[in-house]
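Chemist: Mind looking over this structure? Questions follow.
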Amino acid sequence: MTIITTAGEGAIPARTSIDVPLAVLAAVLLIAYPLVATPFFTFQVGGYSLILGTIALSLMFLVGYGGMVSLAQMSAAGAAGYAMAILGHNSLGTGHDWPWWLLVPTATLLAALFSTIAGLLAARTAGIYTIMITLAIGMAFFLLTQQNYAVFNGHSGFAGIAPPVTFGLDWRSPVPFYYLALVVAAACYAAVLYVSRAPFGLALQAIRDNPRRMRALGFNVGAHRVAAYALAGLIAGLGGVLLVWFDGRISPGTIGVDRLINILVIAVIGGTRHPAGAFLGAILFVLVSTFAIDLVGAERFNTLIGLVFLAVVLFSPDGLLGLFERARRAVAATANSGRMR
């Protein structure tokens, strides 16, 4: 079923809900996935997809519910990653060795602070201007980390960053790490769904559709948008913590312009009408980047991703979610016509 109609000039189409049986089936498959998958598929495909999906979810929240396209979400994730390296342990021995239970919340909050500052700069703009400002913020952070050796260790970055061993579990092992990423992704997914139906989320969607009317009704449009950036930064920060544990290192290449755009590509390919789209786009992106690169070569990989992006947008502006919705309607129409006969 579809819910939520939108009104107002420039409104984003109504978002598509996920049926409860379908959501339960997806949850069962995700939980059972490591039981049938090899360690490579569990870690490199499943875990990485959940990480990128979580970061793309932060962008989906801004785009789908706030109408704001930000290219600084990977930068926010990178801020959390650098905080993990600088305040925690790294191979250079320059870290402060904070315990993980203090380090992870601090890194996540720093990502939220980074995103809030980006929101303060971009919240008064719209359209292409928001994209350009957030891209400039992302590039500024990239150049800062690349050229600053005293704090960020310049081009080399930091290595030797590993998750803790707690409760007798090595969280770097494929199965524990996958379930850790799954729990974080599920929590962020549930949080976005909850916020979207809470008064703040409904007000944010109304601001997306008609900011002038909401301002006339007494709502602080700028404050709502900045708060949305802060929440998106929290989600991206959690994704950044998982990403630095997944890679075991962080460097300026982690937050380069290609990585910034990749998050946008993932969100658009999956669809920005529902939080599930971020993870669908991440799965497709990881599968293509993992296997197709051997067929076309690393130098042509971006071309392949661009072609996939164009194909999805051309045939379904709503991404993979749109294709799924059209297929479901076609099946329902066929079933109804069969009953009529």
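Chemist: Mind counting the residues in the stretch 177-194 that are farther than 18 Å from GLY240 by Cβ and either among the acidic types (Asp, Glu) or surrounded by fewer than 18 Cβ atoms within 10 Å (Cβ to Cβ) (or both)?
Modeler: The total comes to 3.
Chemist: Within the stretch 208-251, take every residue that is outside any helix (DSSP H, G or I) and hydrophobic (A, V, I, L, M, F, W, C) and give me the one that is nearest to MET68 (Cα to Cα).
Modeler: Per the criteria, the residue is PHE219.
Chemist: Before we move on, is VAL241 under 30 Å from LEU102 (Cα atoms) and crowded, with 22+ Cβ neighbours inside 10 Å?
Modeler: yes
Chemist: Scanning the stretch 78-113 for residues that are among the aromatic types (Phe, Trp, Tyr) and assigned to a helix (DSSP H, G or I), which turns out nearest to GLY237 (Cα to Cα)?
Modeler: Only one residue tops the list, namely TYR82.
Chemist: While we're here: Which condition number in (1) modelled with pLDDT of 95 or more; (2) among the basic types (Lys, Arg); (3) not assigned by TED's automatic domain parsing to the domain that holds VAL63 is the one that ARG225 fails?
Modeler: Status for ARG225: all satisfied but (3).
Chemist: Okay, moving on. Pick from GLY248, GLY239, GLY218, GLY201: which is farther than 21 Å from MET74 by Cα, in contact (Cβ under 8 Å) with a residue 60 or more places away in the chain and assigned by TED's automatic domain parsing to the domain that holds ALA118?
Modeler: None of the others qualify; the one that does is GLY201.
Chemist: Another question, if that's okay. For the stretch 148-190, give me the residue count where each residue is more than 17 Å from LEU238 (Cβ to Cβ), of a type in the set (Val, Ile, Thr) and either assigned to a helix (DSSP H, G or I) or touching a helix residue (DSSP H, G or I) at 6+ places or on another chain (Cβ under 6 Å) (or both).
Modeler: 1
Chemist: Might you let me know whether the stretch 94-107 holds any residue that is surrounded by 24 or more Cβ atoms within 10 Å (Cβ to Cβ) and farther than 19 Å from ALA276 by Cα?
Modeler: yes
Chemist: Here is a follow-up. Out of THR145, THR116, THR130, I need the residue that is under 18 Å from ASP247 (Cα atoms), part of a helix (DSSP H, G or I) and among the polar types (S, T, N, Q). Which one?
Modeler: It is THR145.
Chemist: Does THR16 satisfy being at pLDDT below 95, crowded, with 18+ Cβ neighbours inside 10 Å and over 21 Å from ALA181 (Cα atoms)?
Modeler: In short, yes.
Chemist: Given VAL286, VAL296, VAL268, which one is surrounded by fewer than 19 Cβ atoms within 10 Å (Cβ to Cβ), out of contact with any strand residue (DSSP E or B) (no Cβ under 7 Å at 6 or more places or on another chain) and outside the structural domain of ALA80 (by TED's automatic domain parsing)?
Modeler: VAL296
Chemist: One residue is enough: does the stretch 278-298 have a residue meeting the conditions in contact with a Phe, Trp or Tyr (Cβ under 9 Å, 6 or more places away or on another chain), modelled with pLDDT of 80 or more and farther than 28 Å from PHE40 by Cβ?
Modeler: No - not one qualifying residue is present in the stretch 278-298.
Chemist: Further, regarding this structure: Go through (1) assigned to a loop (DSSP other than H, G, I, E, B); (2) modelled with pLDDT of 95 or more; (3) among the β-branched types (Val, Ile, Thr) for ILE55 and report which single condition fails.
Modeler: So the condition that ILE55 fails would be (1).
Chemist: Just for the stretch 146-203: of the residues that are hydroxyl-bearing (Ser, Thr, Tyr) and within 17 Å of VAL104 (Cβ to Cβ), which one is farthest from the chain's Cα centre (by Cα)?
Modeler: This residue is THR166.
The values are calculated or read from the model by the stated rules, or taken from the named source; none is laboratory data. Remember, predicted model here, so these are calculated numbers, not experimental data. Every residue, glycine as well, gets a Cβ built from its backbone with ideal geometry; the counts of neighbours run over all protein chains shown.
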